[in-house]
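One structure coming up, written as structure tokens, with questions to follow.
The values are calculated or read from the model by the stated rules, or taken from the named source; none is laboratory data. No experiment lies behind these values; they were computed from the predicted model shown. Heads up, the Cβs are rebuilt from the backbone with ideal geometry, glycines too, and the neighbour counts pull from every protein chain shown. Each accessible area value is taken on the protein alone, full model and side chains, heavy atoms only, with ligands, DNA and RNA left out. Shrake-Rupley method; radii C 1.70, N 1.55, O 1.52, S 1.80 Å.
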Amino acid sequence: AVLRVVAMPPRRRSARAGATDAGAPSTPRPVPTAAGEKPARVQVVVLGDFGRSPRMQYHALSLADSLGADVDVVAYTGSEPRREVASHPNIRMSLISPPPRWTESRRVPRVVALAVRVATQTTQMLWTVAVALPRPTHVLLQTPPCVPSFAVCWLVCFIRRAKFVIDWHNLAYTLMALKFGPSSPLVRVATMYERMMGRLGHAHLAVTDAMATWLHERWGIERGAIAVLHDAPPEFFRPSSPEETRALMRRLAPALTASPARVPGDCCDWGRSLQGQRWREGRTALVVSSTSWTPDEDFGVLLDALTLYDEIAVADEDAMERYPDVLVVVTGKGPQRAHYESRMRSLRLNRVAVRTAWLESGDYPTLLGAADLGVCAHTSSSGLDLPMKVVDMFGCGLPVLAARYDVIHELVREDARFKGGSVTVGGARGKKKPVVRLPNRRRRAAKAPNGCLFGSPGELAAQLCGVLEGFGAGTSVAEEMRARMRGELEENGGGERG
């Protein structure tokens, strides 16, 4: 019964049924219940910024729309969620304040900071989910994080006779290991806690088949209690029309001009770009990357690759014609953003411009729908999760260059022609210039590839050159791949916005 409540339909279909207009959700359709069975009331718990948790927003929307459930969202104050969620009559937001900022200071002893954070979170969560809100039939918890949310949510479910459902986005202890080291006593304790408390869930959602198998084989969670729920993009992620794209770029102009990553006078100086629309008509490729600026995303790989691409694109007159200027827009918030913005400002590139921006939830899908190529530097700390950002990019018909790791093949169909590429320094008469090597270029492309996978800056730079060569003339692999993916979306009812 509990899996019936959380086994939502594909997000693209449910979002279309529930929110054809961003500001006007449809009337929920209650699902008939058995005699004596109470209508579902689900607490969706996110110990983080709900506006930056797209999967949980889609869960809430699907539960409210497709099941007619009453949904109480418990999360931190922060970014605004999508309007479809915020204005839905069946979804209510119960927001709590994040722990004090001083607990993140390096001047505070780590043990003291952790104790204060856990005590604050425990008190807030207990009051909200156990006292302030009506009794739920189910509690759906996002993990990570799992401290103290596993213990609090299990206790509330035990007291209030509700079903405890865990949505496993990743393994929390593996993220802690990135910060404290895998041999840290704190990580060992966190592993035991996560394993013990995780097994107390009545039902589980996993983002990949590999994660479901791991939870069953390594932690003994019953396979029948685990439902694999691959992410799927909602209906509002789709290709953007030229009119929407131009309007978006006008709106973003001030933010991109003020970006801390901007180098004045670069090839995509925003004043000139906006007036002449050089980013599109001037053969400038728009590349988008979304990041949470965390240790499991080495963004330095992309910056190093862009430096190599720039060296290639200015090598000679032939390269100037073959390769386009590139405008890279990086979205997202996170702890390492300032560090990488400083690195971006130090770049002195001729054919590449980088901007950072935090977009409103309604503008982000439009940007993806307007872009020519996506890049994802996410590498899973556990090796078991998949990046939601790539799912959203595919929903917009956007081909993606993604970091290679084991389970990414559950999502990305790799174009083997660009596998194993590199950029080396060579040339005749002692003159050094970068040389692109794509040893598999003559291989036949796999059936309907939607991207490439990279493992190093050199491989990513070679892929950028390979897929963008001939851009603007209609002969690039990126344009061909994007046109095919958008054609597939139109066949499935997810084409360009009107």
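Collect the residues in the range 72-107 that are under 26 Å from Arg135 (Cβ atoms), open to solvent by less than 30 Å² (accessible area, probe 1.4 Å) and outside any loop (DSSP other than H, G, I, E, B), keeping them in residue-number order.
Residues satisfying the conditions are Asp72, Val73, Val74, Ala75, Tyr76, Val85, Ile91, Ser94, Ile96.
Residue by residue, here is whether (1) surrounded by 15 or more Cβ atoms within 10 Å (Cβ to Cβ); (2) more than 30 Å from His409 (Cβ to Cβ) holds:
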| position | (1), (2) |
| --- | --- |
| Ala212 | yes, no |
| Arg218 | no, no |
| Ile226 | yes, no |
| Asp231 | yes, no |
| Ser240 | yes, no |
| Glu243 | no, yes |
| Leu248 | yes, yes |
| Arg251 | no, yes |
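Would you mind finding the one in Ser380, Ser361 that is part of a loop (DSSP other than H, G, I, E, B), at pLDDT below 95 and open to solvent by 30 Å² or more (accessible area, probe 1.4 Å)?
Unique residue meeting the criteria: Ser361.
Can you tell me how many residues in the range 207-223 are within 21 Å of Leu386 (Cα to Cα) and free of Cβ contacts under 8 Å to residues at least 60 places away in the same chain?
9
Residues Arg218, Arg238, Arg195, Arg251: which one is out of contact with any strand residue (DSSP E or B) (no Cβ under 6 Å at 6 or more places or on another chain) and outside any helix (DSSP H, G or I)?
Arg238
For the range 163-189, what are the residues that are in contact (Cβ under 8 Å) with a residue 40 or more places away in the chain and either assigned to a loop (DSSP other than H, G, I, E, B) or under 25 Å from the mean Cα position of the chain (by Cα) (or both)?
Val165, Asp167, Trp168, His169, Asn170, Leu171, Thr174, Leu175, Ala177, Leu178, Lys179
I need a count of the residues in the range 120-161 that are open to solvent by 10 Å² or more (accessible area, probe 1.4 Å), closer than 18 Å to Thr77 by Cα and of a type in the set (A, V, I, L, M).
Of the residues in the range 120-161, 3 are open to solvent by 10 Å² or more (accessible area, probe 1.4 Å), closer than 18 Å to Thr77 by Cα and of a type in the set (A, V, I, L, M).
Let me ask something additional. Do we find a residue being at pLDDT 80 or above, within 21 Å of Thr143 (Cβ to Cβ) and open to solvent by 50 Å² or more (accessible area, probe 1.4 Å) anywhere in the range 2-17?
Looking for residues that are at pLDDT 80 or above, within 21 Å of Thr143 (Cβ to Cβ) and open to solvent by 50 Å² or more (accessible area, probe 1.4 Å), one finds none in the range 2-17, hence no.
Please tell me if Phe164 is open to solvent by less than 20 Å² (accessible area, probe 1.4 Å) and among the aromatic types (Phe, Trp, Tyr).
Judged against the criteria, Phe164 is a match.
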